[in-house]
Amino acid sequence: MGVVMIKCPETGRAIPTGMKADRERFSCSPVFFARTFCLICEASHEWFAREAWVHEPAEKRLRPRVTLALQPA
């Protein structure tokens, strides 16, 4: 799951829409129209689904556990 993002038309920066979606399912969803309030320019932006994308953060990499072995003296 990721966050649906759009580009702020005033600043050009990526902003979250408040929606969560799976990238594959979102790309297959029907075209829809929505509005999102932008905290950067403090305005409401209207957008179509084809203008948005899903940002999925990289999975947290698990560090391998290090096992300390006691060596006889």
Fill in: Unique residue being at pLDDT below 90 and either among the aromatic types (Phe, Trp, Tyr) or out of contact with any Phe, Trp or Tyr (no Cβ under 9 Å at 6 or more places or on another chain) (or both) when the list is Arg63, Arg50
Arg63
Worksheet item: Where residues in segment 15-47 are in contact with a Lys or Arg (Cβ under 8 Å, 6 or more places away or on another chain) and among the hydrophobic types (A, V, I, L, M, F, W, C), which of them is modelled with the lowest pLDDT?
Response: Val31
Worksheet item: If the Cβ limit is 8 Å and pairs must be 6+ apart or interchain, which residue in segment 1-21 that is touching a residue at least 12 places away in the same chain (Cβ under 8 Å) pairs with which residue that is surrounded by 15 or more Cβ atoms within 10 Å (Cβ to Cβ) and in a loop (DSSP other than H, G, I, E, B)?
Response: Val4/Ala52; Met5/Ala52; Ile6/Ala52; Ala14/Cys8; Ile15/Cys8; Thr17/Ala52
Discussion item. I need a count of the residues in segment 19-32 that are closer than 14 Å to Ile6 by Cα and touching a helix residue (DSSP H, G or I) at 6+ places or on another chain (Cβ under 8 Å).
Written reply: 2
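The values are calculated or read from the model by the stated rules, or taken from the named source; none is laboratory data. Note that the coordinates shown come from a computational prediction; the quantities given were computed from them, not determined experimentally. Here Cβ is always computed from backbone atoms with ideal geometry, including for glycine, and neighbour counts include all displayed protein chains.
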